[in-house]
Amino acid sequence: MKLTIEGLNNTIDIERLFNAFFSFENEETNIEANIIIRDETVSIAIYKDNEKVYYVNKTVIDDKKENKRMIKRSLFKGLVCSTQKVLPWGIITGIRPIKIPIGLLKKGYTEEAVRKELKEQYLITDDKINMMLNIAKEELKVLSRYHERDYSIYIGIPFCPTRCLYCSFPSYPIDQSLDISDLYLEALEKEITFVANRYKKKQLKTLYIGGGTPTTLTEKQLEKLINIIKAKLDLSQLDEWTVEAGRPDSINFNKLRTLKEAGVTRISINPQSMNQETLNRIGRKHTTLDIEKAFKDARTLGFDNINMDLIIGLPQETSNEVENTLKQVKRLDPDSITIHSLAIKKGSQLKEELDDYNQISNKEIIKIQSLIQDYVKEKDLIPYYLYRQKKIVGNLENVGYAKKDKISRYNILIMEEQQTIIGMGAGAITKMVDSKNNKINRIENVKNVNDYINRIDEMINRKQAL
């Protein structure tokens, strides 16, 4: 496959659209697309096996955004003809598609007008449009209760029991990091102290501790982190406090009790799969029984908002394995589930070993989607947030489903970027919302743990500069 573009700048989204038609192809695909802009005319030609199978001429549109969208629509239609594939997300390549219907609804568009825009301008399928509108309406309910003058916090703990096959996050196996984890908490305390003082006149609304796996910390370290947070930050206006207790092999009753007594309102216990062979294959050093025990311990302690993450498209899994996972999760009855489609990320072991695994077929993906929809309908879960990634299985999406009163506010705030979120810890990103100037200022912390510890004053100065 080959894409040639002449006469156009900033073509990354066009390249991503083209590549989306050929994700995870095992066989050589002999398709070539040429996009040429010359003398106020856009010509698009597609060749298959050196034979022209699609050609169109369009007049250049003065509005650059509209012109780009027109080119993408024409390319999309040509690739559908030549590959016999239909991408359900149409020409959208961004990771936050719900921003589109939210923006239109805020402008006063009716639901029907939004549907028409998404179908005609973006070529999105009806089922995805329905999902987008449902999520947009749920998100708007939450967003209406929050203001730019408030803020949220993300704290990253970059340690894990082991590194999963698919992971590209900055995470460090805890058995190789015991000597620096205490130093990391000391640096983190310094950053938390600065943020607490800097934002003491603002109301902290949501707090999210992620990673890595925060519960990889020892009981003593976890208690120390909680005590730092409670001593430094004003939690009196907090609506939601989430902790990723993701890996069952990092959880015990005492750690869960520490979180519950501290006032944590929401936790995630993430099996990813309930098939033992898959867990072994992807490097998860725990059993399905460990997952069940951790979940039941959390319920015993009174946690009434538990999320579980699942991944579809894991190596060697088919709809049969996903069906088994959903059956076992159904027995546990979490308050929300987040369905991730496997993304082949740069820096992950899976990226290096991709050729060793059979990729899931579109037929299997359709079966899996049906199984998921049956599950969420039976459990009365609604979709409430969504995001997409590059190189994602089936060109699909990641969706959070929850009981109506268990929606994660933080997840919506981080997706829609309408409130400042301060990121602390190695690899954390701060996004400061400036609605008056219609921009978001990003401040990134270094990813390497040793660099974070040694350069903590610099990380603080980066925040102070804004």
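The values are calculated or read from the model by the stated rules, or taken from the named source; none is laboratory data. Just so it is clear, the structure is predicted and the values come from calculations on it, not from any experiment. Every residue, glycine as well, gets a Cβ built from its backbone with ideal geometry; the counts of neighbours run over all protein chains shown.
It is to be established whether one or more residues within the stretch 308-320 are surrounded by 15 or more Cβ atoms within 10 Å (Cβ to Cβ), in contact (Cβ under 8 Å) with a residue 24 or more places away in the chain and in a helix (DSSP H, G or I).
Among the residues of the stretch 308-320, at least one is surrounded by 15 or more Cβ atoms within 10 Å (Cβ to Cβ), in contact (Cβ under 8 Å) with a residue 24 or more places away in the chain and in a helix (DSSP H, G or I), which makes the answer yes.
Of all residues in the stretch 410-427 being of a type in the set (V, I, T) and part of a strand (DSSP E or B), which is surrounded by the most Cβ atoms within 10 Å (Cβ to Cβ)? Please lay out each step first, then the result.
We begin by selecting, within the stretch 410-427, every residue of a type in the set (V, I, T); these are 412, 414, 420-422.
Keeping just the survivors that are part of a strand (DSSP E or B) gives 420-422.
Values: T420: 21, I421: 22, I422: 24.
Across the stretch 410-427, the extreme among qualifying residues is I422.
Looking at the stretch 60-74, I want the residues that are touching a residue at least 40 places away in the same chain (Cβ under 8 Å) and have a partner that is assigned to a helix (DSSP H, G or I) with Cβ atoms under 7 Å, at least 6 apart or on another chain. Which pairs are those?
R69/Q121; I71/I14; K72/I14; K72/L17
Please verify whether I12 is within 26 Å of the chain's Cα centre (by Cα) and free of Cβ contacts under 8 Å to residues at least 40 places away in the same chain, treating the condition exactly as stated.
Details: within 26 Å of the chain's Cα centre (by Cα): yes; free of Cβ contacts under 8 Å to residues at least 40 places away in the same chain: yes.
Taking the combined requirement at face value, the residue satisfies it.
Identify the residue in the stretch 260-280 that is in a helix (DSSP H, G or I) and free of Cβ contacts under 8 Å to residues at least 40 places away in the same chain and, among all such residues, is surrounded by the most Cβ atoms within 10 Å (Cβ to Cβ). Give the derivation first.
Let us first name the residues in the stretch 260-280 that are in a helix (DSSP H, G or I), namely 260-262, 276-280.
Filter once more, so that each one left must be free of Cβ contacts under 8 Å to residues at least 40 places away in the same chain: 261-262, 276-277, 279-280.
Details: E261: 11, A262: 17, Q276: 13, E277: 11, L279: 22, N280: 12.
Per the stated criteria, the residue is L279.
Please enumerate the residues belonging to the stretch 428-459 that are outside any strand (DSSP E or B) and in contact with a Ser or Thr (Cβ under 9 Å, 6 or more places away or on another chain).
Filtering the stretch 428-459 down to residues outside any strand (DSSP E or B) leaves 428, 435-438, 445-459.
Once the filter is applied, which keeps residues that are outside any strand (DSSP E or B) and in contact with a Ser or Thr (Cβ under 9 Å, 6 or more places away or on another chain), the stretch 428-459 yields N445, V449.
Restricting the stretch 220-257 to residues that are crowded, with 17+ Cβ neighbours inside 10 Å and small (G, A, S), which is farthest from I337 (Cα to Cα)?
S250
I want to confirm something. Restricting to the stretch 1-27 and keeping residues that are farther than 20 Å from L87 by Cα and not β-branched (V, I, T), which single residue is modelled with the highest pLDDT? If you could, list the steps in order and put the result at the bottom.
Filtering the stretch 1-27 down to residues farther than 20 Å from L87 by Cα leaves 4-10.
Okay, now just the ones that are also not β-branched (V, I, T), so 6-10.
Details: E6: 94, G7: 91, L8: 91, N9: 88, N10: 87.
Step by step, filter the stretch 1-27, then rank; the result is E6.
Step by step: first the residues of the stretch 430-446, then only those that are without any contact (Cβ under 8 Å) to a residue 60 or more places away in the chain and of a type in the set (A, V, I, L, M), then the one that is surrounded by the fewest Cβ atoms within 10 Å (Cβ to Cβ). Which residue is that?
Filtering first and then ranking leaves I440.
Here is a check on your reading of the model: is P170 in contact with a helix residue (DSSP H, G or I) (Cβ under 7 Å, 6 or more places away or on another chain), surrounded by 15 or more Cβ atoms within 10 Å (Cβ to Cβ) and modelled with pLDDT under 95?
No.
Between I382, I392, I460, I407, which is surrounded by fewer than 20 Cβ atoms within 10 Å (Cβ to Cβ), touching a residue at least 60 places away in the same chain (Cβ under 8 Å) and within 24 Å of V329 (Cα to Cα)?
I382
Within the stretch 79-135, how many residues turn out to be acidic (D, E) and either under 15 Å from N395 (Cα atoms) or exposed (fewer than 13 other Cβ atoms within 10 Å of the Cβ) (or both)?
4
Hey, T242 hits all of (1) touching a residue at least 40 places away in the same chain (Cβ under 8 Å); (2) of a type in the set (V, I, T); (3) over 30 Å from K200 (Cβ atoms) but one; which does it fall short on?
Answer for T242: the failing condition is (3).
Quick one: would you say M424 is in the same structural domain as I192 (by the TED database), out of contact with any helix residue (DSSP H, G or I) (no Cβ under 7 Å at 6 or more places or on another chain) and under 30 Å from E458 (Cβ atoms)? First the steps, then the outcome.
On the way: in the same structural domain as I192 (by the TED database): yes; out of contact with any helix residue (DSSP H, G or I) (no Cβ under 7 Å at 6 or more places or on another chain): no; under 30 Å from E458 (Cβ atoms): yes.
No, not satisfied.
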